[in-house]
Amino acid sequence: MSGGVEIPVRVVDVEQATETVKRFRLAPLSGEALPPFSAGAHVVVTMDDHGRRIRNPYSLIDRAEDGSSYRIGVLRVPNSRGGSKFMHENVKAGDRLVITMPVNLFPIVRTGRKHLLVAGGIGVTPIYAMANELKRRSAPYEIHYAMRNEASGAFIDELRAAHGDKLKLYRDDMQEFVSVSEILPNQPLGTHLYVCGPEGMIEAILKGGREAGWPEENLHCERFLAPTGGEPFSVVLQRAGITAEVRSDQSLLEAIEEAGVDAPFLCRGGACGQCETTVVSCDGELDHKDHYLTEEEHASGKKIMICVSRLKGRELVLDL
Amino acid sequence: MTIQFKSETFRDDFTFSNSPEAIRRFPFPFDKDEYMYAVNIEQHMPGPIKSPYEFPIDIDEHYVAEMRDRALVLKEDPLRCQSLPHMLTAEWDLVELLMESMAKNYPEHFELTREGDAWHWINRPLGIDQKFTFGDTSTLPYPPMEYITRQCQGDFCLCDQRNDDLWMDAGIVTTQADWSLDFDVGMSFKEWHGPVPLAHDIGVFDRALKFLLNLQQGRPVRRLNWTMTINPRLDTSPENYHKWGIDRTTVTPENVGNKVHLRVELQALWRLPRSNAIVFSIRAYLIKMEELVTIPKWGRRFHRVLRDLRPELADYKGLTRFRQMTVDYLAKHDDGAPTSPGFFPD
Ligand SMILES: Cc1cc2nc3c(=O)[nH]c(=O)nc-3n(C[C@H](O)[C@H](O)[C@H](O)COP(=O)(O)OP(=O)(O)OC[C@H]3O[C@@H](n4cnc5c(N)ncnc54)[C@H](O)[C@@H]3O)c2cc1C
Ligand code: HEM
Ligand code: FES
């Protein structure tokens, strides 16, 4: 419950979009319409893998006009600990899942004059919803969509049908790359840029934007950050009076939840700030992975974002 | 449950008053004998039956009279209702929130039928029957926010969220405690809170903003704020200060119980689904001192709160001129007995 209101859903359709991407259509069990959402929003999907609870955020692609379903698109990542593997191997039409209410950490700036949407690989999911919303609002936009090759472009056909020549494709295997120096110049004042994709691509685009003199407020990104593994360590939840082990394949937040403590979260990807936790003491070095706390806050050692960050050391004492 | 709507005024002859039931359900804002600013935010969950927290949107016996007063204010000053062009989606979100809530919780008075985008709204107390197309502004007699808020008690601000801040980019404000939408429109959270004393220094607004930026759909929150008003006047705006400012000099020991009102704002905040905007509702409740002291616990407690209030707060809230006279009046209703914890009457 600490991630907000939950909605039980049934998978009504699974579509193999490419070799590594599946699209899932989710319908509410209650029969009541799913709430509308603003483009760029994600939901956290809770999966039950034989008693093991897995929670991953997935961006919403679209919602049926009558609210009878949402769609999400999931890339199967190599070496998955479970989430994307479970979605690909176990989840079939008819299965039940639980999702949270939509949360938007990557909204369209409504005051923007024009919108440049840049997607790499599976990062296309929020961009897809944004493009549809901009089209509905008749706002000016461009879509720049990069992929390994045409066969791995999970959304090419749908995007092309809806957006025509506003869509530009970049295929790695044809030596086509999104080039900041080509897309940024000659944009009208008040243009906003949104990028979602692999870390390297996001950094390159943001860097290019800054170098071209774009204000920070006009550059937006979403990182599909996942907790990485690391060395195991102990966590002491001081207020709850509980000590737990954080295994190497587990995030701190997951270990805390497994110990029976409901900690707050919204994105589970180090972006929203909801899971900010006070460090009472630590025997070792904090390994900060989030994009929420400032550099000074990271250096101070007083706060940790428990969804993605961990300890390199023996024991971490938290105010939880 | 059918509400008996009163015929009363909030100006000129000031015939507004509370029935005994309305007094008992008054949202008294003090759970202790003292008051200071805090991040007093809680989940906007259904509260006790018949309390103003029972439903997300509270409609009470003053509904029809308040809507009449709002129409008068808007007629004199259309700038009390403003919306920047990018807020249209949020306006429609607000139409849905208010119509759904009113129809669900007060079915004898309001009715909503939806078939796709074809909506049918019936408001019996105000005699309105409107068919319209959701999302199509040309099918309503007013823009969407103005249309629905002319039919709903309370002021409303729509805040756009961008660049990790909230911007007051739309609103309808006709029952305000001395602040102006026309002045604040387009401002950011800390800009429009600029005039508030002390709270910035103790970090109240930093924490409140951080909290609001992550406000979740389906999880509204609420808080109470308070001030005091001379005569039951809803429209105490800076624009009309020349009409009501002088009222503060008219309080005498003889009329204080009748003229001086505690004014409580029940403020609720919702994340809106289509626009990702936040709506901030400010619902004002008025109670005169004579009515307040009919609840002994409230008479005792408000006496102590007002007597010990920090002067900066009293100045900001505009109480200074009549505070002592009110404290003297309330002292007669405070026997010094201990008060029980919590807001509700004993
Ligand atoms: C806001 C947001 C929106 C998102 N939207 C989408 C979306 O629309 N579609 C989508 O497909 N994904 C999306 N994601 C990513 C998604 O939530 C998952 O992170 C992704 O599906 C991988 O989950 P997993 O459980 O399979 O992988 P995990 O097991 O969490 O692994 C993730 C990566 O970390 C590495 N890793 C994990 N554990 C270890 C370890 N112990 N040692 C070494 N390496 C390790 C893995 O190699 C893998 O590459 C989004 C993420 C965020 C934050
Ligand atoms: C987006 C939502 C909000 C809006 C639109 C809003 C608006 C306002 C406005 C217009 C004022 C009057 C300022 C003036 O004197 O000109 C005010 C005062 C104030 N606000 Fe907010 N506010 C919001 C949220 C909050 C929250 C969450 C808090 C929580 C701490 C808060 C605390 C206060 C306080 C303490 C005052 C002074 C009130 C008094 O003493 O009478 N506000 N607010
Ligand atoms: S849950 Fe969003 S930052 Fe950790």
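For the range A:8-114, which fully contained strands (runs of 3 or more DSSP E) count at least 2 residues that are over 28 Å from A:Glu150 (Cα atoms) and within 16 Å of ligand 3 (Cβ to nearest atom)?
Details: elements: A:21-28, A:41-49, A:52-63, A:70-75, A:96-100.
Output list reads A:41-49, A:52-63, A:96-100.
Filter the helices (runs of 4 or more DSSP H) completely within the range B:11-108 down to those with at least 2 residues that are within 14 Å of another protein chain (Cβ to nearest Cβ). Break it down stepwise before answering.
Numbers: elements: B:20-24, B:63-76, B:88-105.
Output list reads B:88-105.
Out of the range B:147-164, which residues are farther than 17 Å from B:Ile57 by Cα, out of contact with any Lys or Arg (no Cβ under 8 Å at 6 or more places or on another chain) and modelled with pLDDT of 95 or more? First the steps, then the outcome.
Quick first cut of the range B:147-164, residues farther than 17 Å from B:Ile57 by Cα only: B:159-164.
Restricting the remaining residues to those that are out of contact with any Lys or Arg (no Cβ under 8 Å at 6 or more places or on another chain) gives B:159, B:161, B:163-164.
Scanning the range B:147-164 gives B:Cys159, B:Gln161.
Conditions (1) within 23 Å of B:Ala38 (Cβ to Cβ); (2) more than 14 Å from chain A (Cβ to nearest Cβ); (3) crowded, with 18+ Cβ neighbours inside 10 Å; (4) modelled with pLDDT under 95, marked per residue:
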| position | (1), (2), (3), (4) |
| --- | --- |
| B:Lys210 | yes, no, no, yes |
| B:Asp235 | no, yes, yes, no |
| B:Gly257 | no, yes, yes, no |
| B:Gln267 | yes, yes, yes, no |
| B:Ser275 | no, no, yes, no |
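Any residue at all in the range A:243-261 that's touching a residue at least 60 places away in the same chain (Cβ under 8 Å) and over 22 Å from A:Ser80 (Cβ atoms)?
No, the range A:243-261 contains no residue that is touching a residue at least 60 places away in the same chain (Cβ under 8 Å) and over 22 Å from A:Ser80 (Cβ atoms).
Of the residues in the range B:212-233, how many are within 14 Å of chain A (Cβ to nearest Cβ) and either out of contact with any Phe, Trp or Tyr (no Cβ under 7 Å at 6 or more places or on another chain) or within 10 Å of ligand 2 (Cβ to nearest atom) (or both)?
As a first pass, look at the range B:212-233 and keep what is within 14 Å of chain A (Cβ to nearest Cβ): B:212-221.
Checking which are either out of contact with any Phe, Trp or Tyr (no Cβ under 7 Å at 6 or more places or on another chain) or within 10 Å of ligand 2 (Cβ to nearest atom) (or both) leaves us with B:212-219, B:221.
Final tally of qualifying residues: 9.
Taking the range A:295-308 as the search range and keeping residues that are more than 14 Å from ligand 1 (Cβ to nearest atom) and not charged (D, E, K, R), which one is nearest to A:Phe233 (Cα to Cα)?
If we filter the range A:295-308 for residues that are more than 14 Å from ligand 1 (Cβ to nearest atom), which is where we start, we get A:295-304, A:306.
Still in the list and also not charged (D, E, K, R): A:298-301, A:304, A:306.
On the way: A:His298: 19, A:Ala299: 20, A:Ser300: 21, A:Gly301: 17, A:Ile304: 15, A:Ile306: 13 Å.
Among those residues, the one meeting the criterion is A:Ile306.
I want to confirm something. Restricting to the range A:294-316 and keeping residues that are within 14 Å of chain B (Cβ to nearest Cβ) and near ligand 3 (Cβ under 9 Å from one of its atoms), which single residue is surrounded by the most Cβ atoms within 10 Å (Cβ to Cβ)? Full working, then the answer.
Of all residues in the range A:294-316, those within 14 Å of chain B (Cβ to nearest Cβ) come to A:294, A:297, A:303, A:305, A:307.
Those left that are additionally near ligand 3 (Cβ under 9 Å from one of its atoms): A:305, A:307.
Details: A:Met305: 28, A:Cys307: 32.
Ranking the candidates gives A:Cys307 first.
Taking B:Met145 as meeting all but one of (1) of a type in the set (A, V, I, L, M); (2) within 14 Å of chain A (Cβ to nearest Cβ); (3) crowded, with 22+ Cβ neighbours inside 10 Å, write down the number of the exception.
Result: B:Met145 fails condition (2) only.
Could you tell me how many of the residues in the range A:3-32 are within 14 Å of chain B (Cβ to nearest Cβ), surrounded by 15 or more Cβ atoms within 10 Å (Cβ to Cβ) and among the aliphatic types (A, V, I, L, M)?
Counting residues in the range A:3-32 that are within 14 Å of chain B (Cβ to nearest Cβ), surrounded by 15 or more Cβ atoms within 10 Å (Cβ to Cβ) and among the aliphatic types (A, V, I, L, M) gives 1.
So that you can scan it fast, the table gives a plain yes or no per residue for (1) surrounded by fewer than 16 Cβ atoms within 10 Å (Cβ to Cβ); (2) away from every other protein chain (no Cβ under 13 Å); (3) in contact with a strand residue (DSSP E or B) (Cβ under 6 Å, 6 or more places away or on another chain):
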| site | (1), (2), (3) |
| --- | --- |
| A:Pro78 | yes, yes, no |
| A:Glu89 | yes, yes, no |
| A:Thr100 | no, no, yes |
| A:Pro107 | no, no, no |
| A:Gly112 | no, no, yes |
| A:Leu116 | no, yes, yes |
| A:Gly120 | no, yes, yes |
| A:Gly123 | no, yes, yes |
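How many residues, within the range A:99-131, are of a type outside the set (D, E, K, R) and away from ligand 1 (no atom under 15 Å from the Cβ)?
Step one: list which residues in the range A:99-131 are of a type outside the set (D, E, K, R), which gives A:99-109, A:111-112, A:115-131.
Okay, now just the ones that are also away from ligand 1 (no atom under 15 Å from the Cβ), so A:108-109, A:111-112, A:115-116, A:118.
Total meeting the criteria: 7.
What do you reckon, is A:Asp283 more than 11 Å from ligand 3 (Cβ to nearest atom), in a loop (DSSP other than H, G, I, E, B) and touching a residue at least 24 places away in the same chain (Cβ under 8 Å)? Give the derivation first.
Numbers: more than 11 Å from ligand 3 (Cβ to nearest atom): yes; in a loop (DSSP other than H, G, I, E, B): no; touching a residue at least 24 places away in the same chain (Cβ under 8 Å): yes.
Against the criterion (more than 11 Å from ligand 3 (Cβ to nearest atom), in a loop (DSSP other than H, G, I, E, B) and touching a residue at least 24 places away in the same chain (Cβ under 8 Å)), A:Asp283 does not qualify.
Just to check your reading of the model, which residue among A:Cys307, A:Cys267 is touching a Phe, Trp or Tyr at 6+ places or on another chain (Cβ under 7 Å), part of a loop (DSSP other than H, G, I, E, B), of a type in the set (A, V, I, L, M, F, W, C) and away from ligand 2 (no atom under 16 Å from the Cβ)? First the steps, then the outcome.
Numbers: A:Cys267 fails: touching a Phe, Trp or Tyr at 6+ places or on another chain (Cβ under 7 Å).
Selected residue: A:Cys307, the only one of A:Cys307, A:Cys267 that is touching a Phe, Trp or Tyr at 6+ places or on another chain (Cβ under 7 Å), part of a loop (DSSP other than H, G, I, E, B), of a type in the set (A, V, I, L, M, F, W, C) and away from ligand 2 (no atom under 16 Å from the Cβ).
Of A:Pro264, A:Pro227, which residue is surrounded by 14 or more Cβ atoms within 10 Å (Cβ to Cβ) and not assigned by TED's automatic domain parsing to the domain that holds A:Gly313? Give the steps one after another, and end with the answer.
Details: A:Pro264 fails: not assigned by TED's automatic domain parsing to the domain that holds A:Gly313.
The match here is A:Pro227.
If the requirement is being farther than 19 Å from B:Leu266 by Cα and touching a helix residue (DSSP H, G or I) at 6+ places or on another chain (Cβ under 6 Å), which of these qualifies: B:Phe28, B:Phe5, B:Phe14? So that I can check it myself, show each step before the final result.
Details: B:Phe28 fails: farther than 19 Å from B:Leu266 by Cα; B:Phe14 fails: touching a helix residue (DSSP H, G or I) at 6+ places or on another chain (Cβ under 6 Å).
It is B:Phe5.
The values are calculated or read from the model by the stated rules, or taken from the named source; none is laboratory data. On a predicted model such as this, the values are computed, not experimentally measured, just so you know. So basically every Cβ, Gly included, is an ideal-geometry build from the backbone, and we count neighbours across all protein chains shown.
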